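What follows draws every value from the coordinates through simple rules; no lab data is involved. What you see is a predicted model; the values in this text were computed from it and never measured. Cβ sites come from the backbone with ideal geometry, for glycine too, and all protein chains shown count toward neighbours.
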Amino acid sequence: RAVVVWRPLPVSSFTSSVSKNNVTLSWVTEAELNNSGFDIERKAEKDKSVWEKAGFVQGSGTVNEPRNYSYEDKKLNTGKYSYRLKQIDFNGNYEYFALESDVVIAPPNIFSLGQNYPNPSNPKSKIEYEIPVDGKVTMRLFDILGKEAVSIVNETKLAGYYSTEFDGTNLASGVYFYRIIVEGSAQRFSKTLKMILIK
């Protein structure tokens, strides 16, 4: 049975930086004893009681010199998050080290529609988009003649970062165009990009 040890971790700094909806955590250990590694745990402000494991970073075992670590937590929803490290020894003992301040993922500043990937699509691909306002989002796929082939998104969304999957299983190979239209807060955004479907 694991034992919780509440003495301070030999972590001299634990910091975070945010780029869009990605968080990079960085920490330094001054020395390590029997360190298997670190679970990175996160919880969202809206779900106060639940810590989730976001990832794991391998430790350095036993060393008497500083070690630098980092972990990138990607594609988060907008909101406020808390982070902590769960340092685990090879014998199963563990201890926690919390990030002092919350991390805030703010809504995007501008509208954006990303190129589907992979492209060519065979037959599935992902499309990412960003909307800075709450609004009605429609994304449709058109064939080379301008005829609508598929409705990909058709719903009201909160401001934020999104990824949707396109499945072209039922379509013929060829060149297509996908168009996003967002309407909200007296703003309208429209953009069209080309997609190649190969099967």
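Send over the semi-axes of region 120-168's equivalent ellipsoid, whole angstrom and largest first, taken as the square roots of 5 times the C-alpha gyration tensor eigenvalues.
Details: eigenvalues 95, 37, 12 Å².
Ellipsoid semi-axes (Å, largest first): 22, 14, 8.
Can you give the log10 of the normalised intensity I(q)/I(0) at q = 0.10, 0.18 Å⁻¹, computed with Debye over equal Cα scatterers of the chain?
Once normalised to I(0) and log-transformed, intensities are -0.59, -1.10.
Using alpha carbons only, how many angstrom separate the centre of region 144-199 from the centre of region 24-80?
Distance between centres, Cα-based: 36 Å.
Under 18 Å from a point 7 Å along the Cα-to-Cβ line of Thr15: which residues of region 57-72 have their amide N that close?
Hits in region 57-72 for Thr15 at 18 Å: 66-72.
Around Ser185, with a cut-off of 13 angstrom between Cβ atoms, what is the net charge of the other residues, counting Lys and Arg +1 and Asp and Glu -1? Walk me through the numbers before you get to the answer.
On the way: positive: Lys136, Lys157, Arg188; negative: Asp134, Glu183.
Combined, the nearby Lys, Arg, Asp and Glu give +1.
Using a simple spin-label model with points 7 Å from Cα along the Cα→Cβ vector, what separation in nm is obtained for Ala186 and Asp102?
About 3.0 nm separates the two model spin labels.
So how long is each side of region 13-106 along the principal axes, counting just the alpha-carbon atoms, biggest first, in Å?
Largest to smallest, the principal-axis extents are 39, 25, 20 Å.
Can you list the GluC sites (Glu not before Pro) in region 99-199 that are in a DSSP coil and have 11 or fewer other beta carbons within 10 angstrom?
On the way: sites: Glu100, Glu128, Glu130, Glu148, Glu155, Glu165, Glu183; in loops: Glu100.
Here the GluC sites (Glu not before Pro) that fit, given the DSSP loop and packing criteria, are Glu100.
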